[in-house]
Amino acid sequence: MNISAAYNAGRLTVFLAGELDQHEARHAMRAIDELLDEYMPRDCAMDMSALSFMDSSGIAVIIRTSRRMKELGGRAWIENPSKQTQRVLDASGIDRLVPVAVR
């Protein structure tokens, strides 16, 4: 799994690439927490266009990021989920808690 980020005008975009499974979810949570602590953004977008695989562990990463952003007084959302990722998101119903934006 590869995680990169871009920050501009209060918005942090976290780019997730590769496979987000149980093993990688812990790494992803730590990396995203570090980015949130570093930038203290108003908004956090999780770009999932380059995820080739995500299981339910990815849902935990999304929920944790959303909760952290609420603690910071901001908001989080998912952007550009890959087809496989979108199927997991649909099955979980996560869009009732965290918005999903498809471009």
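Residues are listed down the side, and each one gets a yes or a no for (1) touching a helix residue (DSSP H, G or I) at 6+ places or on another chain (Cβ under 6 Å); (2) in a helix (DSSP H, G or I); (3) at pLDDT below 95; (4) farther than 18 Å from Ala5 by Cβ:
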{"position": "Ala25", "(1), (2), (3), (4)": "yes, yes, no, no"}
{"position": "Met29", "(1), (2), (3), (4)": "yes, yes, no, no"}
{"position": "Leu51", "(1), (2), (3), (4)": "yes, no, no, no"}
{"position": "Trp77", "(1), (2), (3), (4)": "no, no, no, no"}
{"position": "Leu89", "(1), (2), (3), (4)": "no, yes, no, yes"}
Legend entry - Residue satisfying condition, being within 18 Å of Val88 (Cα to Cα), touching a residue at least 12 places away in the same chain (Cβ under 8 Å) and either out of contact with any Ser or Thr (no Cβ under 8 Å at 6 or more places or on another chain) or of a type in the set (Gly, Ala, Ser) (or both), within set Ala25, Ala5: Ala25
Legend entry - Set Pro41, Pro81: member being outside any helix (DSSP H, G or I) and touching a Gly at 6+ places or on another chain (Cβ under 9 Å): Pro41
Legend entry - Single condition Leu12 does not satisfy, out of (1) surrounded by 18 or more Cβ atoms within 10 Å (Cβ to Cβ); (2) within 19 Å of Val100 (Cα to Cα); (3) out of contact with any Phe, Trp or Tyr (no Cβ under 8 Å at 6 or more places or on another chain): (3)
Legend entry - Checklist (1) outside any helix (DSSP H, G or I); (2) more than 13 Å from the chain's Cα centre (by Cα) applied to Glu34, failing item: (1)
Legend entry - Glu19 vs. criteria surrounded by fewer than 18 Cβ atoms within 10 Å (Cβ to Cβ), part of a strand (DSSP E or B) and among the charged types (D, E, K, R): yes
Legend entry - Identity of the residue in region 66-82, out of contact with any Lys or Arg (no Cβ under 9 Å at 6 or more places or on another chain) and surrounded by fewer than 21 Cβ atoms within 10 Å (Cβ to Cβ), that ends up farthest from Ser92 (Cα to Cα): Glu71
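Residue-wise test of (1) closer than 16 Å to Gly18 by Cα; (2) not aliphatic (A, V, I, L, M).
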position: Met46; (1), (2): yes, no
position: Phe53; (1), (2): yes, yes
position: Lys83; (1), (2): yes, yes
position: Leu89; (1), (2): no, no
position: Ser92; (1), (2): no, yes
position: Val102; (1), (2): no, no
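The values are calculated or read from the model by the stated rules, or taken from the named source; none is laboratory data. It should be emphasised that the depicted structure is a prediction, and the values quoted were computed from it without experimental measurement. FYI the Cβ positions are ideal-geometry reconstructions off the backbone, even for glycines, and counts take in every protein chain you see.
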